[in-house]
Amino acid sequence: MNIVAYKIHNFHKLFGKLFLGLLLTIITVPAAWGANGVVDLITDPPGAIVYVDGKLKSRSTPVKIELSSGLRRFELRKDGYRKLDFSLFLAGGVTLSKSLMLIPAGVIESGEEGPILDFLKEEKPVKDSFETKNEYEARVEASKHYRIDRLKRFNRMAGNPIFSAGKVVLLKEQYDISSGRFPVKFIPRKWSESVLKTTTSHIYVNREMARKLFSAGDEHLAYFAFLESGKLKEAFIISGGRNYYLMGIGKLQEYLPSMKFVAIHGSCFTMGNTRGNRDEKPEHEVCLDSYWIGKYEVTQGEWMKLMGKNPSRFRRGKNHPVERVSWHDVQKFIKKLNKKSGITYRLPTEAEWEYANQGGQGGLYPWGDKKPVCQRKVINGAKFDDDKICNDTGTNYVGRYSPNNFGLYDMAGNVREWVQDWYSEDYYAVSKGMKNPKGPEKGVTRSLRGGGWSESGKMLRSTRRSRNLPEVRYDNLGFRLVMIPKE
């Protein structure tokens, strides 16, 4: 066979294979091409409107949409978030899953250098040999104001934006189920490294939300928001339409890190006692949302760090509970703490306090139904047989005795505790079936719960109520806090 004949023979052979392949494609492809494909769209947060090829297909995500096969153009819209455009090729008979994160409308996707790096720099002008000290200082001040003015103008033009600053890794194994503290590792972008003092942080989130957050992924984008002065205001992640604030980064921080809180998961319980005093009746069901309550009573050390002076009579150490504080004094403490920390603290309501006291067990006392050892005088009413604790010599340091079932200390004894509610003897009669009761709208006296060091054992019952004028200060009267994390 000569060369020409060989080439013709191989051409026919190759052409035959191509023709056969094309024939099979024509026979088999139309079946798949004509069939519909399915796209399973999930967005974070949900609730996005879906357009396909310019036509409305769904008013909310997540959604499964059946479409004819081929290249399809998608557009997702949600108020407060950027429009998201993308294209997908759908094959017949195939379900394609797509998970997407929507970016808030105000977010600026900063590059490695960061679009606001110039605003954050605080480079002082170089002193000129021909200017006096006062002239130089005036020029430094003018430069500072010029930088702040630029940032203000930038914020106004951009609509007070937030900036994509890196990502956060959730440290699942370090999650504290009792306090709701979820440690994270922050991985900054190059530009945001100059803003941070730490790459370790945490968020506060209850067990259900922690599980939901982690199921959305162990890594989340982190965002920064800035004050007009150019200083970092807060850092947070966004998931499921919620903001989760990173503690200790920016303005938002735990001003008193010694304070420990325990997560109390929302529940319904029977409040009151038919065998108790008149104001403890009737027994009635109350339902509460989840909250965080202080593991200990607020201490003298914590009070002094914020307020400067120690009002207590028993100054035996910074870990003793603060006492001789009125309800109004406590409100001043809380207002100052909220302002400095960026977190919301308050006193517990009577219902929150009673449920926390019982430890979810419904007992007569924080430890159960057994009567306290000390019937005459008590330090706390713990389950000890040591006669030495049955005295009236003042407070003891917080956490000395055993906690209740929720891990809370001194829910009976040490000091009585202010709560948020106005007091009304007949309030239980009008609060049956109420969710998150907050007490009467007005009154003369504020409610107190728990027995103090100088009182008899019968004062320690979980359901026992007492009250006093909000101006009074006694050496057996203190408080603990409830924390409402920003979410």
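The values are calculated or read from the model by the stated rules, or taken from the named source; none is laboratory data. Remember, it's a predicted structure, so these values are computed and weren't measured experimentally. Glycine gets a Cβ as well: all are built from the backbone with ideal geometry, and neighbour counts include every protein chain shown.
Of all residues in the range 293-307, which are in contact (Cβ under 8 Å) with a residue 60 or more places away in the chain and among the aromatic types (Phe, Trp, Tyr)?
TYR296
Among the residues of the range 430-446, is there at least one that is in contact with a Lys or Arg (Cβ under 9 Å, 6 or more places away or on another chain) and crowded, with 24+ Cβ neighbours inside 10 Å?
Checked the range 430-446: no residue is in contact with a Lys or Arg (Cβ under 9 Å, 6 or more places away or on another chain) and crowded, with 24+ Cβ neighbours inside 10 Å.
Please specify each residue of the range 297-307 satisfying the condition of being surrounded by 15 or more Cβ atoms within 10 Å (Cβ to Cβ) and in a helix (DSSP H, G or I).
GLN300, GLY301, GLU302, TRP303, MET304, LEU306, MET307
Might you let me know whether the range 343-364 holds any residue that is in a loop (DSSP other than H, G, I, E, B), modelled with pLDDT of 85 or more and in contact with a helix residue (DSSP H, G or I) (Cβ under 6 Å, 6 or more places away or on another chain)?
no
Do we have ASN319 as free of Cβ contacts under 8 Å to residues at least 12 places away in the same chain and more than 15 Å from VAL419 (Cα to Cα) here?
no
Any residue in the range 477-487 that is surrounded by 22 or more Cβ atoms within 10 Å (Cβ to Cβ) and either over 27 Å from SER341 (Cβ atoms) or aromatic (Phe, Trp, Tyr) (or both)?
Looking for residues that are surrounded by 22 or more Cβ atoms within 10 Å (Cβ to Cβ) and either over 27 Å from SER341 (Cβ atoms) or aromatic (Phe, Trp, Tyr) (or both), one finds at least one in the range 477-487, hence yes.
Can you tell me which residue in the range 164-208 is farthest from SER290 (Cα to Cα), limited to those that are modelled with pLDDT of 70 or more and more than 20 Å from the chain's Cα centre (by Cα)?
Of everything passing the filter in the range 164-208, LYS190 is farthest from SER290 (Cα to Cα).
Quick test for you: out of LYS332, LYS318, pick the one residue that is assigned by TED's automatic domain parsing to the domain that holds MET434, in contact with a strand residue (DSSP E or B) (Cβ under 8 Å, 6 or more places away or on another chain) and farther than 24 Å from ILE264 by Cα.
LYS318
Can you name every residue in the range 415-457 that is in a helix (DSSP H, G or I) and out of contact with any Gly (no Cβ under 8 Å at 6 or more places or on another chain)?
Matches in the range 415-457: ALA429, VAL430.
Identify the residue in the range 16-57 that is modelled with pLDDT of 90 or more, more than 32 Å from the chain's Cα centre (by Cα) and surrounded by 14 or more Cβ atoms within 10 Å (Cβ to Cβ) and, among all such residues, is farthest from ARG82 (Cα to Cα).
Here the residue is VAL38.
Going through ASN310, ASN273 one at a time, which residue ends up being in contact with a helix residue (DSSP H, G or I) (Cβ under 6 Å, 6 or more places away or on another chain), in a loop (DSSP other than H, G, I, E, B) and touching a residue at least 40 places away in the same chain (Cβ under 8 Å)?
Exactly one residue qualifies, and that residue is ASN273.
Yes or no, residue by residue, for (1) at pLDDT below 85; (2) surrounded by fewer than 19 Cβ atoms within 10 Å (Cβ to Cβ):
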site: ARG242; (1), (2): yes, yes
site: LEU252; (1), (2): yes, no
site: SER258; (1), (2): yes, yes
site: GLY266; (1), (2): yes, yes
site: THR274; (1), (2): no, yes
site: LYS281; (1), (2): no, yes
site: CYS287; (1), (2): no, yes
site: TRP292; (1), (2): no, no
site: LYS295; (1), (2): no, no
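Within the range 337-356, does at least one residue satisfy the condition of being more than 30 Å from ILE249 (Cβ to Cβ) and exposed (fewer than 15 other Cβ atoms within 10 Å of the Cβ)?
Within the range 337-356, none of the residues are more than 30 Å from ILE249 (Cβ to Cβ) and exposed (fewer than 15 other Cβ atoms within 10 Å of the Cβ).
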